Amino acid sequence: VVLLLLTLIFALVHSGMASLRETGEKIIGERAYRVLFAGISLPLALSTIVYFINHRYGGIQLWDVKGVSGVHELVWLSNFISFLFLYPSTFNLLEVAAVDKPKLHMWETGIMRITRHPQFVGQVIWCLAHTLWIGNSVAVAASVGLIGHHAFGVWNGDRRLASRYGEAFDVLKKRTSVVPFAAIVDGRQKLPDDYYKEFIRLPYITIVALTLGAYFAHPLMQAASYRLPW
């Protein structure tokens, strides 16, 4: 219940500020609004993550497949893939840090050809992998909250892009899909011959390195979390 409430608070603030972005940027500017957005969202995200780490083995145990052959490898691979979907918004690293003016982009390259909402897809993969591995009610609660938040983000993201770009977004929407590979399979999305080159970019390379680093740093992350008695 506590984890769901923490996730709900984060979701309301995060999605609410994203929805108010256009108005906020007009009042205080793009960079200032990005800093304000991050300054409020990140502490809420951190508190929720710390609570999840500290209580992830609480609740009711529903299943335990840790000893099943191949499950660890499946979970590891799923988590690795999930981060390639989760963080395509880092296409412009300078915008993330508010060095350049942040913009509401309408991407259609790289991972976006596979799914128009990669963060939603990545979050679903991450949640399913962690829920399978942990197998208790806390993991289920976390997954319900996170997937629900990102499902709302699918609708809200399309609404904001439609409001900003109008007919241009309608055209892009027809060429892409939420379900991974759906637009490619039914022929709406045509992959260029050199499609692989769209992934040879600093943001993707950075995410691969950080994902591998985060895996090996799990003990350090857990130790740091345990120092906060939340």
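The values are calculated or read from the model by the stated rules, or taken from the named source; none is laboratory data. Worth saying up front: this structure is predicted, and the values here are computed from it rather than measured. Glycine also receives a Cβ, built like all others from the backbone with ideal geometry; neighbour counts cover every protein chain displayed. These accessible areas exclude ligands, DNA and RNA; they are computed on the full protein's heavy atoms, side chains included. Shrake-Rupley method; radii C 1.70, N 1.55, O 1.52, S 1.80 Å.
Just a few scattered comments:
- Test: residue in the range 167-176 that is surrounded by 13 or more Cβ atoms within 10 Å (Cβ to Cβ) and under 27 Å from residue 53 (Cα atoms): no
- Complete set of residues in the range 189-206 that are of a type in the set (D, E, K, R) and more than 23 Å from residue 125 (Cβ to Cβ): 190, 193, 194, 197
- In the set 211, 206, only one residue is surrounded by 15 or more Cβ atoms within 10 Å (Cβ to Cβ) and out of contact with any Leu (no Cβ under 7 Å at 6 or more places or on another chain); that residue is 211.
- Flag for residue 36 being under 18 Å from residue 142 (Cβ atoms), aliphatic (A, V, I, L, M), out of contact with any Asp or Glu (no Cβ under 7 Å at 6 or more places or on another chain) and modelled with pLDDT under 95: no
- Count of the range 1-29 residues which are farther than 19 Å from residue 145 by Cα, hydrophobic (A, V, I, L, M, F, W, C) and not in a helix (DSSP H, G or I): 1
- In summary, residue 132 fulfils each of the numbered conditions (1) within 23 Å of residue 84 (Cα to Cα); (2) without any contact (Cβ under 8 Å) to a residue 12 or more places away in the chain with the single exception of condition (2).
- Take the conditions (1) open to solvent by less than 40 Å² (accessible area, probe 1.4 Å); (2) at pLDDT below 90; residue 121 misses just one of them, which is (2).
- Checked against (1) on the phi > 0 side of the Ramachandran plot; (2) open to solvent by 80 Å² or more (accessible area, probe 1.4 Å), residue 60 passes all but a single condition, namely (1).
- The residues listed here are 75, 65; of these, the one that is open to solvent by less than 50 Å² (accessible area, probe 1.4 Å), in a helix (DSSP H, G or I) and modelled with pLDDT of 95 or more is 75.
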